[in-house]
Amino acid sequence: MSFAPSPLPLSPRPPGTDAPPTCEVPHFAPVRVRGGRHQLRQLVRHRRRAVAVGLVVTAAALVAAGPRDTEGARGHPLADPVREHRPATTVSAPVRIADGATVRLLRPGDRVDVIAAEESATGGDARVVARGARVSKVPEALDGMADSGALVVLSVPRSTAARLVGASSTARLAVTLC
């Protein structure tokens, strides 16, 4: 860089004469912010609160900057769209339990596991057909039906109800309280 003099001619007047005349500035009290220093000290002392406030502000900023449409996040489109999961609808499934005395222990609202025991000469297998099924009703036992078990109405998802019906046709069903 060169510091060459400017090609413009110097003004014939002395410096400072082109400025407006001075005027008196009115006197006013200084502006003081009360508690500013105290609040900063208190904020430093309470770091947990400061971190929590920072997290809240960050979360609010992220929510405000997030996607506004219901189609999903902005950016690259998905190759395979994600299927929507529909909530499992529950149905009432009447189930005949082999042991009637066990059913008399149940009350509406209880949670039970239903177990299917295959009948065979070699002992058979037992498998859990429904887990955590909610007992919705325990009908009154009919006279003379003690040998054939007892009926209980369970609230289960539709797919589990289909498994219960299939298992009850080939196996004896039992329940365990959860």
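Just so you know, all these numbers are worked out from the coordinates, no wet-lab data involved. Just so you know, these numbers come straight off a predicted model, no measurement behind them. When we count neighbours, we look across all protein chains shown, and the Cβ atoms used for this are built from the backbone with ideal geometry, even at glycine.
Between residue 162 and residue 65, what's the calculated FRET efficiency when r is the beta-carbon distance and R0 is 45 Å? Round to 0.05.
Rounded to the nearest 0.05, the efficiency is 0.45.
Below 13 angstrom from the Cβ of residue 114, what's the summed charge of the other residues (Lys, Arg +1; Asp, Glu -1)?
Counting the neighbours of residue 114, the net charge comes to +4.
Could you work out the local net charge near residue 129, counting Lys and Arg as +1, Asp and Glu as -1, over the other residues with Cβ closer than 10 Å to its Cβ?
Around residue 129, the charge tally is +2.
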